[in-house]
Amino acid sequence: MTCADVQVTQSILLHPGWNAVWVEVEPSNNATRAVFAGIPVESVWGYQDRLPSTDFIQDRGEPAWNTASMLMFLPLPNVAAFQNNLAIIQAHSAYLVKLRSTTNVALSITGSPVIRFDPMRRNVFNLRGLPVDPAAPPTFASYFANSPAHKNQPIYGMDDSGRWVLVNPTSRVLSGQAYWIRSLADTTYLGPMSVTLDRGTALDFGLEASSLGLNLINLSAIPGNFKVLDLSGTASPYSYATGSVTNSYRPLPALLNVTNAPATTSSLGLYARRGAITGASHQTVLSIVTSAGTRFFVELSAATTGSVTGAGSPQSEAIRHAGLWVGSATVNAVSEAHGGVLVTNLVSYPDGSQRPQVQRIGAGITPTPVRGNSGFNLRLLVHVDTNGVSRLLREVVQMWADGTYTNDPATGLLRVATPGHGVLVTDEAVLPQFSGSTIKNGAQVGRRYTCAQFDFATPGGHNYLEMAGPFAMSDDSNTNLVTVTNRIPKDFPTNPFRHKFHPDHQAGFDVTRVIALEFGPKPDSTADPDAGYDAVNGVYHETLIGLHRTNIVVQGTFSLRRIDYTGTLNQ
């Protein structure tokens, strides 16, 4: 087989007359007439799911054929083509093909690999192909050595004359060939060494999944080697960690060798490093060849929130960070507003008098580390929109907007006009327009996130302040900062000097908080796979003006993780 991007091409050599073939890929155009276009076939037959009481006819030339159990395709201009009911060709399915030619013809099928194998049924012959390595195929005896369901059971293969003949256990299994295999029990046995997925038929990370499992199974009595080969031939934007290694991520190489002890299963954890993907998505195919002679193809793909433009500029990276970010800052250094030296000076007043006044000289604004390992934690909520503009949030609610439907003029049936989607709400007035995003006590409710440390005197009561600067990790040539100024007027209800019920504290002083998030450097390939894409960190800076006669400057660290990819607010 060969690989082009995420597709694999399977080549099958058809002989004159009857052929029993096993299709291993999902054709990109799975219409039967498209798959066999240009191939001089007389007919193509596929078995339905339910097997008849007569499993198969040894001589396909016999007229007593149970055609009711089969799906048929006859090419034009055959007059019986109107009876065709074999509409599509599917992966991991067997077909009987009669070639109208006096010489061999190569059939090439291009499509996507899938890990999907239907179980063999008990006490009947199953028409199946086997996932073997054509370069080093196993014998039938070694392939089924670890399967009690196939012990001493007959297997039939089709010879060059189109007849089913009993295969010799020492014969090699042919890739792309279908066999009648009898099983004593329902079984999903795929050979002495095989591969399964935690879920689905491919390793598709989509937009949000960060890790997926690839299970490597060795049923044999000897150690087995799995060769995991990336067929793209380019640097992989994925990492891996074996089940025996915790929190250790390594870039997935072009060829990875994994050895399993006898009768063991290991999990190869794969992780998408979306920060290393420059486009909107990445697709490749993994070829997994085992020392037992089996072979499997697995599609591996991941999506991002957008392509990198402008040679990976900070603004381009900020756009790819669209969504809701939740995390915290740990303040571990504070300037000493009470430092310096107290001095007493005479101060002249307009009435001509002089009065003593105590002043502090030399109070610094350089943060001093706090003692011990203590620190003060601040909750942070940041939203980045589809233009890369970030906003510091006080409160946000995850809600759901139902989809809308319209009539399809072609069919008269309902079709989706606007798909349902998640909504991030910061305006309490629009909450009734949406449905809840989760279930609590049998009712749909929203998921609310709040920051008690922030309150904004914004026009219209918005729960956010727009920030300046690119929300992006830094590189060696520059430091990226996002800054915001939060002014709390002296008469604002939550001004720290104001107390609603105390006559001496009806109003205070304006307090201003100048906050800056200084992003850390971009992670290397051995870092946390989410770092730089779904997780960011750096240095937290804040200057408080008006709380004390001297400005108070604090510093610490911050870390944020993206929990929602919605790039707009309130819609």
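The values are calculated or read from the model by the stated rules, or taken from the named source; none is laboratory data. All values derive from a computational prediction rather than experimental measurement. Positions of Cβ are generated from backbone atoms using ideal geometry, with glycine treated the same way; all protein chains shown enter the neighbour counts. Surface accessibility is based on the protein's heavy atoms, side chains included, excluding ligands, DNA and RNA. Shrake-Rupley method; radii C 1.70, N 1.55, O 1.52, S 1.80 Å.
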Legend entry - Meets criteria (surrounded by fewer than 16 Cβ atoms within 10 Å (Cβ to Cβ) and either closer than 28 Å to residue 530 by Cβ or in contact with a Cys (Cβ under 6 Å, 6 or more places away or on another chain) (or both)) for residue 415: no
Inset, instruction - Take segment 252-275 and flag every residue that is part of a strand (DSSP E or B) and either within 17 Å of residue 221 (Cβ to Cβ) or under 13 Å from the mean Cα position of the chain (by Cα) (or both). - result: 259, 260, 264, 265, 266, 269, 270, 271, 272
Inset, instruction - Determine which member of the set 388, 422 is more than 30 Å from residue 491 (Cβ to Cβ) and outside any loop (DSSP other than H, G, I, E, B). - result: 422
Legend entry - Residue check, residue 265 at pLDDT below 90 and of a type in the set (Val, Ile, Thr): no
Legend entry - Contacts under 8 angstrom Cβ, first residue in segment 355-377 being modelled with pLDDT under 80, partner assigned to a loop (DSSP other than H, G, I, E, B) and hydrophobic (A, V, I, L, M, F, W, C), 6 or more apart: 363/337
Inset, instruction - Could you figure out which of (1) open to solvent by 10 Å² or more (accessible area, probe 1.4 Å); (2) over 16 Å from the mean Cα position of the chain (by Cα) isn't true of residue 293? - result: (1)
Legend entry - Contacts under 6 angstrom Cβ, first residue in segment 71-98 being under 17 Å from residue 37 (Cα atoms) and basic (Lys, Arg), partner open to solvent by less than 50 Å² (accessible area, probe 1.4 Å) and not in a loop (DSSP other than H, G, I, E, B), 6 or more apart: 98/18; 98/43
Legend entry - Within segment 366-375, tally of residues that are closer than 30 Å to residue 345 by Cα and open to solvent by 100 Å² or more (accessible area, probe 1.4 Å): 1
Inset, instruction - Looking only at segment 62-72, decide whether some residue is surrounded by 13 or more Cβ atoms within 10 Å (Cβ to Cβ), within 21 Å of residue 7 (Cα to Cα), modelled with pLDDT of 90 or more and of a type outside the set (D, E, K, R). - result: no
Legend entry - Pair list, Cβ < 8 Å and 6+ apart or interchain, from segment 177-188 residues that are closer than 13 Å to residue 129 by Cα to residues that are in a strand (DSSP E or B) and open to solvent by 40 Å² or more (accessible area, probe 1.4 Å): 178/128; 179/128; 179/156; 180/156; 181/128
Legend entry - Tally, over segment 318-342, of residues that are at pLDDT below 80, of a type outside the set (Gly, Ala, Ser) and open to solvent by less than 60 Å² (accessible area, probe 1.4 Å): 0
Inset, instruction - Assess whether residue 142 counts as being within 30 Å of residue 284 (Cβ to Cβ), at pLDDT 95 or above, open to solvent by 30 Å² or more (accessible area, probe 1.4 Å) and of a type in the set (Ser, Thr, Tyr). - result: no
Legend entry - Evaluation of residue 180 against (1) more than 30 Å from residue 303 (Cβ to Cβ); (2) open to solvent by 40 Å² or more (accessible area, probe 1.4 Å); (3) not β-branched (Val, Ile, Thr) (one fails), failing number: (2)
